[in-house]
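What follows is a single structure, written as C-alpha cells, with notes after it.
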Amino acid sequence: MSENDHPLDLTRLPRHVAIIMDGNGRWAQRRGLPRVRGHLAGVESVRAVVQEARRLGISFLTLYAFSEENWQRPRLEIRALMALLRRYLHRELKEMQDNQIALNAIGELDKLPPAVQEDLARTMAATAPGAQMTLNLALSYGGRTEIVRAAQALGREIQAGRLRPEDIDAALFARHLYTGNLPDPDLLIRTSGEYRLSNFLLWQTAYTELYITDTLWPDFREEEFNRAIAAFQQRERRYGLTAEQLAANAGAKER
Ligand code: FPP
C-alpha cells in the first residue's frame, strides 16, 4: 500500500509521537536467527521512521529503546544493544545535523556504560543548534521510577523551604519528570500486538491516542508509520468532554 492510500492532513499532525518498538526477538526467531539480528534489523526501522517523521514535520519523536527491565536480559544481548546504539549515534550524527534533528535522552542515564553516556552527551551537544525535530531516546527508562524521582525532587524542595505541598499541581509535577520540557505524546504506537504500556511514559500518556499493530518492529517502516498517523487523524480527541461540547468549543475558536 502506498502513502497515497492514506492521505495525511499535514495541518493536523501529532506534535509528539512515542513508539514502543517491540518484536525484534520474534522477528529473528521466525527466521531462525539470533535475537541480535532482530535488533540489527530494528535499527533500520529506527532510521526509516526518524527520516519519515522529519519529512512529515513532526516535532518530537520518542523511542523506547531500552527499558529499566531490559537490564535483566542476557549480558550478551545488553552488550549488543549498547554497541548498536553507539554505532547508530556515530553513523547518524551527520544525518541528524543535516536534517536539523536534535538528539535527547531520558531515563536513568547514569546506569548506562560510560562510553554510551559520553556518546550521548557528545551527540546531544552537536545536534542541538537549529533543531526542528527532537529525537528523544528512552534509555534505561522506567515510568514509575521517573514519577518517584519527580516526587523525591519535589520533596527536597519542600524540605529546603522553597516549596509548599499545596503549591504542587499537575503542571509543576510534570516539569519535574525527565520529559519536563516536552509536550505529552499525542500518539503512542506499539508494534507486535501487545496491549500494554510496559512502564512507558505512564504520566504523559493520560490523553494519548494508542495505536497497536501486529507488525513486528523490524517490519515497521515509513508506510506503516504513515498508516498510524492516518489512523490518529481519524480519532476524535475529547479529553473527557462530550462530542457536543467539543463542537461548541471548536465553533467558538473559529468565531
Ligand atoms: C524490543 O524487541 C526491542 C528492544 C528491547 C530494543 C529496541 C532497540 C532497537 C530497535 C535497536 C537500538 C536502538 C536504537 C535507537 C539505535 P524484543 O527484543 O523485546 O522483541 P520480542 O518481544 O519479540 O522478544
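The values are calculated or read from the model by the stated rules, or taken from the named source; none is laboratory data. Here the structure is a predicted model, which is why all the values come from computation and not from measurement. For neighbour counting, all protein chains shown are included, and Cβ atoms are generated from backbone atoms with ideal geometry for every residue, glycine included. What goes into the accessible areas is simple: the full protein's heavy atoms, side chains included, and nothing from ligands, DNA or RNA. Shrake-Rupley method; radii C 1.70, N 1.55, O 1.52, S 1.80 Å.
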Problem set entry | Extreme residue, most open to solvent (accessible area, probe 1.4 Å), among residues of the range 12-33 that are within 13 Å of the ligand (Cβ to nearest atom) and assigned to a loop (DSSP other than H, G, I, E, B) | Arg31
Problem set entry | Filter result for Asp9 (within 11 Å of the ligand (Cβ to nearest atom) and either touching a residue at least 60 places away in the same chain (Cβ under 8 Å) or open to solvent by 50 Å² or more (accessible area, probe 1.4 Å) (or both)) | no
Seminar exercise, completed: Residue pairs within 6 Å by beta carbon, gap of at least six or interchain, first lying in the range 113-132 and assigned to a loop (DSSP other than H, G, I, E, B), second open to solvent by 50 Å² or more (accessible area, probe 1.4 Å), listed first then second, are Gly130/Gln100; Ala131/Gln100; Gln132/Gln100
Exercise. Within the range 44-80, restricting attention to residues that are near the ligand (Cβ under 10 Å from one of its atoms) and polar (S, T, N, Q), which residue is farthest from Glu108 (Cα to Cα)?
Worked result: Ser45
For this session: Might you let me know whether the range 172-181 holds any residue that is open to solvent by 30 Å² or more (accessible area, probe 1.4 Å), closer than 22 Å to Tyr64 by Cα, in contact with a Phe, Trp or Tyr (Cβ under 8 Å, 6 or more places away or on another chain) and part of a loop (DSSP other than H, G, I, E, B)?
Result: yes
Exercise. Does Ile189 satisfy the criteria of being under 13 Å from Pro14 (Cα atoms), open to solvent by less than 20 Å² (accessible area, probe 1.4 Å) and assigned to a strand (DSSP E or B)?
Worked result: yes
Exercise. Which one of these is under 18 Å from the mean Cα position of the chain (by Cα), part of a helix (DSSP H, G or I) and of a type in the set (Asp, Glu): Glu146, Glu166, Glu157, Glu194?
Worked result: Glu146
Problem set entry | Matching residues in the range 240-255 - criterion: being outside any helix (DSSP H, G or I) and modelled with pLDDT of 85 or more | Gly240, Leu241, Thr242
Exercise. Can Leu137 be described as open to solvent by less than 50 Å² (accessible area, probe 1.4 Å), in contact (Cβ under 8 Å) with a residue 40 or more places away in the chain and assigned to a strand (DSSP E or B)?
Worked result: yes
Exercise. Which one of these is assigned to a helix (DSSP H, G or I), open to solvent by 30 Å² or more (accessible area, probe 1.4 Å) and closer than 22 Å to Gln97 by Cα: Ala53, Ala48, Ala83?
Worked result: Ala83
Problem set entry | Selection status of Leu89, open to solvent by less than 20 Å² (accessible area, probe 1.4 Å), more than 25 Å from Glu209 (Cα to Cα) and away from the ligand (no atom under 11 Å from the Cβ) | no
